[in-house]
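Below: one structure, written as structure tokens.
The values are calculated or read from the model by the stated rules, or taken from the named source; none is laboratory data. Keep in mind it's a predicted model, so treat the numbers as computed, not measured. A quick note on method: Cβ atoms are made from the backbone with ideal geometry, for glycine too, and the neighbour counts reach across all protein chains shown. The accessibility values were calculated without ligands, DNA or RNA, using every heavy atom of the protein model including side chains. Shrake-Rupley method; radii C 1.70, N 1.55, O 1.52, S 1.80 Å.
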Amino acid sequence: MAKIMKSDASVRSASPVINAGVGIVSYGYFVPRLRIKVSDIAATWGKDASVGESLGVKEKAVGAWDEDSCTFAVEASRMALKATAGANGGSGINPQEIGAIYVGSESKPYAVKPSAAIVAEAIQATPSLTAADLEFACKAGTAGMQMAMGLVSSGMINYGLAIGSDTAQAQPGDALEYTAGSGAAAFIIGKKNVIATIDDTYSFTTDTPDFWRRQHAEFPQHAGRFTGEPAYFKHVQGATQGILEKTGTTTKDYDYVVFHQPNGKFPLRVAKSLGFGDEAVKQGLITPFIGNTYSAASMIGLVSVLDVAKPGDKILLCSYGSGSGSDAFVLTVQDEITKPNRRPSVKLLDYIAKNKKYVDYAGYAKHRKKIKHIE
Amino acid sequence: MTEGIARIWRNQRDRYNLIGTHCEECKNDFFPQRKICPVCRRKGKLKEKQMPTTGKIYSFTLVTGGPVGFDYETPYYLAIVELDNKVKILTQIVDSDDDKVKIGQPVKAMFRRIQTHGEEGLIAYGYKFKVV
């Protein structure tokens, strides 16, 4: 891999630096209330209860029967809009000023019919906007952030809304079932009133067959251990090293780093391999409490970091989507974040800790419609 | 019982964002939307107005024998919620502990599925409320 990186270095340093004052104007999140303990899933399938420990995940969030990635996206977007209340001298941002909405998800309620249009209607941003749903396994949400950045930077729109949202699917009994969680994160991208600038972005993409779901298939399939080294690690390392090189920074320049988190262990391992300390990773590591939220996973980690970040803090974000690719971002937190009513009123970690109700495996199977039932 | 597609579409504004009406003559708010002010009749001047998304439980019941199509959610709480502008609406209460579902409890609107046309048909979204 080091060889590939070297041969690409000249191309990367010649690519344009994105920083044009564009950044995150506000953010929101949503995590459903239901939880199932990983030990309950293990017990159902006759596995050892220690499986959760080896994955670094204690429990996962489960969407109720009347929730889906679209309802999560709406809730997260509404929170993001509400968190603009202190912007523009207290007038906030009018949803009609949002010129683009992108919903990244691999659990769309419709194969054909855009969640993004439903979100647009539910936040009263219609009709003068462009909207689309995106899919790139777990990194479609950050792809939406890049698209919104491009449109804002070019002056085509004032604000863009990028959302990552999933009710993660897993076949009953499959290893994915221990970690496949549910949640959403939404970011309003713009040039004015930014709480954190996005100083640069860099992506790393190859055709890698580690995880997929075929058209009409209910559950994804994966290549077991192959999802590690040649997939997650190669792409996260590639994108992170790429953006460090592109921005002329080192791991020591960052107060926080957020990686895609398919389990509680991979982000710590990849951080260590790149030279980041565990402390930089901890605040953005959310998967141990709610599972892998797929398209939302790295974005919801960024939410947790922004909840506590101070002006001047440097953040490195790197997503990962199977198939495979990673989008890396460098952010600098701005003074705007300290103004009143510029962040959600409840911090993500507090919300997760206080807003939960456990279900057993049967309850989980019922809510996620894994039980055959003729309506 | 499921509604027709056109009716679901017509109700979207009300159900997604609690868009009701306000009469500029008598200053009353109405939800769902009215075509004619029930107070001022032909003298009323109605315009669309978004209702508050917060309120309190005015009355409630626990439905233990839900109708066809409500299998997944039964038993469920059905409540009359008095919004902050005093308008009362009928709604389900979700995501709330049983001991918190009480008259007078503050609630807020949530965006949820309210009906689906089977596994392959349309999904209708709308409001339900949760105790805050």
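When only residues in region A:54-79 that are more than 24 Å from B:Tyr16 (Cβ to Cβ) and in a loop (DSSP other than H, G, I, E, B) count, which is farthest from the other protein chains (Cβ to nearest Cβ)?
It comes out as A:Gly56.
Being in a loop (DSSP other than H, G, I, E, B), under 26 Å from B:Gly104 (Cβ atoms), small (Gly, Ala, Ser) and away from every other protein chain (no Cβ under 13 Å) is the filter here; which residues of region B:62-80 pass it? Walk me through it before giving the result.
Step one: filter region B:62-80 for residues in a loop (DSSP other than H, G, I, E, B), giving B:64-75.
So of that shortlist, the ones also under 26 Å from B:Gly104 (Cβ atoms) come out as B:64, B:66, B:73-75.
Of the ones still in play, those that are also small (Gly, Ala, Ser) are B:66.
Once the filter is applied, which keeps residues that are in a loop (DSSP other than H, G, I, E, B), under 26 Å from B:Gly104 (Cβ atoms), small (Gly, Ala, Ser) and away from every other protein chain (no Cβ under 13 Å), region B:62-80 yields nothing.
Can you find even one residue in region A:258-273 that is of a type in the set (A, V, I, L, M), within 19 Å of the chain's Cα centre (by Cα) and open to solvent by 40 Å² or more (accessible area, probe 1.4 Å)? Let's see the steps before the verdict.
Here is the first cut: in region A:258-273, the ones of a type in the set (A, V, I, L, M) are A:258, A:268, A:270-271.
If we keep only those that are within 19 Å of the chain's Cα centre (by Cα) too, we end up with A:258, A:268, A:270-271.
Applying the additional criterion that residues be open to solvent by 40 Å² or more (accessible area, probe 1.4 Å) yields A:268.
Among the residues of region A:258-273, at least one is of a type in the set (A, V, I, L, M), within 19 Å of the chain's Cα centre (by Cα) and open to solvent by 40 Å² or more (accessible area, probe 1.4 Å), which makes the answer yes.
How many residues does region A:196-253 hold that are open to solvent by 20 Å² or more (accessible area, probe 1.4 Å) and of a type in the set (Gly, Ala, Ser)?
5
I'm checking my understanding of the structure. Among residues of region A:327-375 that are of a type in the set (Ser, Thr, Tyr) and not in a loop (DSSP other than H, G, I, E, B), which one is surrounded by the most Cβ atoms within 10 Å (Cβ to Cβ)?
To start, the set of residues in region A:327-375 that are of a type in the set (Ser, Thr, Tyr) comprises A:332, A:338, A:345, A:351, A:358, A:361, A:364.
Narrowing the set further to residues that are not in a loop (DSSP other than H, G, I, E, B) leaves A:332, A:338, A:351, A:358, A:361, A:364.
Details: A:Thr332: 17, A:Thr338: 14, A:Tyr351: 17, A:Tyr358: 13, A:Tyr361: 18, A:Tyr364: 22.
The extreme case among them is A:Tyr364.
Is there a residue in region A:285-303 that is in a strand (DSSP E or B) and out of contact with any helix residue (DSSP H, G or I) (no Cβ under 6 Å at 6 or more places or on another chain)?
Scanning region A:285-303, I find at least one residue that is in a strand (DSSP E or B) and out of contact with any helix residue (DSSP H, G or I) (no Cβ under 6 Å at 6 or more places or on another chain), so the answer is yes.
What tally of residues in region A:360-375 results from selecting those that are over 21 Å from A:Pro109 (Cβ atoms) and either of a type in the set (Phe, Trp, Tyr) or in contact with a helix residue (DSSP H, G or I) (Cβ under 8 Å, 6 or more places away or on another chain) (or both)?
Residues flagged as over 21 Å from A:Pro109 (Cβ atoms) and either of a type in the set (Phe, Trp, Tyr) or in contact with a helix residue (DSSP H, G or I) (Cβ under 8 Å, 6 or more places away or on another chain) (or both) within region A:360-375 amount to 2.
When A:Gln96 is evaluated against the numbered criteria (1) under 20 Å from the mean Cα position of the chain (by Cα); (2) of a type outside the set (A, V, I, L, M); (3) surrounded by fewer than 21 Cβ atoms within 10 Å (Cβ to Cβ); (4) in a helix (DSSP H, G or I), which criterion, by number, is the only one it fails?
(1)
Select from region A:55-71 the residues that are open to solvent by less than 20 Å² (accessible area, probe 1.4 Å) and either in contact with an Asp or Glu (Cβ under 8 Å, 6 or more places away or on another chain) or outside the structural domain of A:Thr179 (by TED's automatic domain parsing) (or both) and list them in ascending order.
A:Ala64, A:Asp66, A:Ser69
Across region B:87-115, which residue is farthest from the other protein chains (Cβ to nearest Cβ) among those that are free of Cβ contacts under 8 Å to residues at least 24 places away in the same chain and open to solvent by 30 Å² or more (accessible area, probe 1.4 Å)?
Taking region B:87-115 and keeping what is free of Cβ contacts under 8 Å to residues at least 24 places away in the same chain, we get B:90, B:98-99, B:110, B:112-113.
Retained after the next criterion (residues that are open to solvent by 30 Å² or more (accessible area, probe 1.4 Å)): B:90, B:98-99, B:113.
Working: B:Leu90: 17, B:Asp98: 11, B:Asp99: 12, B:Arg113: 4 Å.
Once the filter is applied, the top-ranked residue is B:Leu90.
Which of the residues belonging to region B:11-61 are in a strand (DSSP E or B) and either aromatic (Phe, Trp, Tyr) or closer than 28 Å to B:Asp99 by Cβ (or both)? Reasoning before the result, please.
From region B:11-61, those in a strand (DSSP E or B) are B:19-23, B:29-30, B:37, B:41, B:46-50, B:54-61; that's our starting set.
Across region B:11-61, the qualifying residues are B:Phe30, B:Thr54, B:Gly55, B:Lys56, B:Ile57, B:Tyr58, B:Ser59, B:Phe60, B:Thr61.
Does at least one position in region A:120-134 carry a residue that is buried (at least 19 other Cβ atoms within 10 Å of the Cβ) and free of Cβ contacts under 8 Å to residues at least 24 places away in the same chain?
Filtering region A:120-134 down to residues buried (at least 19 other Cβ atoms within 10 Å of the Cβ) leaves A:120, A:122-123, A:125, A:129, A:131, A:133-134.
Still in the running and free of Cβ contacts under 8 Å to residues at least 24 places away in the same chain: A:120.
Yes, some residue in region A:120-134 is buried (at least 19 other Cβ atoms within 10 Å of the Cβ) and free of Cβ contacts under 8 Å to residues at least 24 places away in the same chain.
Tell me, yes or no, whether region A:14-34 has at least one residue that is at pLDDT 95 or above, over 22 Å from the mean Cα position of the chain (by Cα) and open to solvent by less than 60 Å² (accessible area, probe 1.4 Å). Outline the logic, then answer.
Here is the first cut: in region A:14-34, the residues at pLDDT 95 or above are A:22-34.
Now drop any that are not over 22 Å from the mean Cα position of the chain (by Cα), which leaves none.
Within region A:14-34, not a single residue is at pLDDT 95 or above, over 22 Å from the mean Cα position of the chain (by Cα) and open to solvent by less than 60 Å² (accessible area, probe 1.4 Å).
Would you mind listing the strands (runs of 3 or more DSSP E) fully within region A:146-249 where at least 2 residues are among the polar types (S, T, N, Q) and either in the same structural domain as A:Arg33 (by TED's automatic domain parsing) or in contact (Cβ under 8 Å) with a residue 60 or more places away in the chain (or both)? Let's see the steps before the verdict.
Values: elements: A:159-167, A:182-190, A:196-205.
In region A:146-249, the matching strands (runs of 3 or more DSSP E) lie at A:159-167, A:196-205.
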